[in-house]
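Data first, discussion second: the structure below is written as structure tokens.
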Amino acid sequence: MTTKEKDNMMYDVTAELDNIFGEPGTESRRAAEDLAWQEYNAQILLDARKKAGLTQEALAERIGASKGYISRIERGLTIPTISTFYRIVAAMGLAVELRPA
């Protein structure tokens, strides 16, 4: 197969996800989706902190936590409680908006 033929091939992302993580609704797929959301949310918080011009240490100080705790959240290793999440958001000068999907 030539490079041009490979470039023109269709790629079924859904089939690949099913192959790697299992069918939708299975425990393995739910676990993979949960992990993906954790990593996504961690990245959002990391980006927001940097945009706010805060170091991990400064953010931690504002919410009464350790720098290591902020680091673990931003790496997706720790999921903050809802109350801690709101404190983090407020400490960065942001707000959370809940709206219908």
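The values are calculated or read from the model by the stated rules, or taken from the named source; none is laboratory data. This structure is a prediction, so every number in the text was calculated from the model and none was measured. In this analysis, Cβ positions are derived from the backbone assuming ideal geometry, glycine residues included, and neighbour counts consider all displayed protein chains. Note: accessible area is taken over every heavy atom of the protein model, side chains too, but ligands, DNA and RNA are not part of it. Shrake-Rupley method; radii C 1.70, N 1.55, O 1.52, S 1.80 Å.
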* Helix-only CD estimate at 222 nm, as mean residue ellipticity for the chain, using -39500 (n - 2.57) per DSSP H run (n ≥ 4) -> -19500 deg cm²/dmol
* Principal axis dimensions, the range 45-101 - Cα atoms, whole angstrom, descending -> 34, 23, 19
* Over the chain, what is the mean sequence separation of C-alpha contacts under 8 Å (at least six apart), divided by residue count, expressed as relative contact order in percent? -> 19 percent
* Which of 91, 60, 31 moves the most in a Gaussian network model of the chain with Cα springs under 10 Å? -> 31
* Structure fact -> On the formula 1/(1 + (r/R0)^6), with r taken between the Cβ atoms of residue 67 and residue 97 and R0 of 30 Å, the FRET efficiency rounded to 0.05 is 0.60
* Extension gain (nm, one decimal) between residue 9 and residue 55, 0.36 nm per residue minus Cα-Cα -> 12.0 nm
* To do: Order the following by accessible area, largest value first: 40, 11, 86, 69. Probe radius 1.4 Å; ligands, DNA and RNA are ignored.
  => 11, 40, 86, 69
* To do: In a Gaussian network model over the chain where Cα atoms closer than 10 Å are linked, find which of 34, 18, 47 has the largest mean-square fluctuation.
  => 18
* Asked: How many Å² of accessible area per residue for the range 24-69, probe 1.4 Å?
  -> 68 Å²
* Structure fact -> In this structure, the FRET efficiency calculated for residue 85 and residue 17 from their beta-carbon separation, with R0 = 30 Å, to the nearest 0.05, is 0.60
* Asked: Roughly to the nearest percent, how much of the accessible area of the chain is carbon and sulfur, given a 1.4 Å probe?
  -> 56 percent
* Read through the labelled values (1) 2, 11, 16, 16, 12, 10, 10, 9, 6, 4, 2, 0; (2) 2, 11, 19, 21, 15, 11, 8, 7, 6, 1; (3) 2, 10, 15, 15, 16, 15, 11, 7, 5, 2, 1, 0 and report the label of the one computed as P(r) over Cα pairs in 5 Å bins from 0, in percent from the structure. => (1)
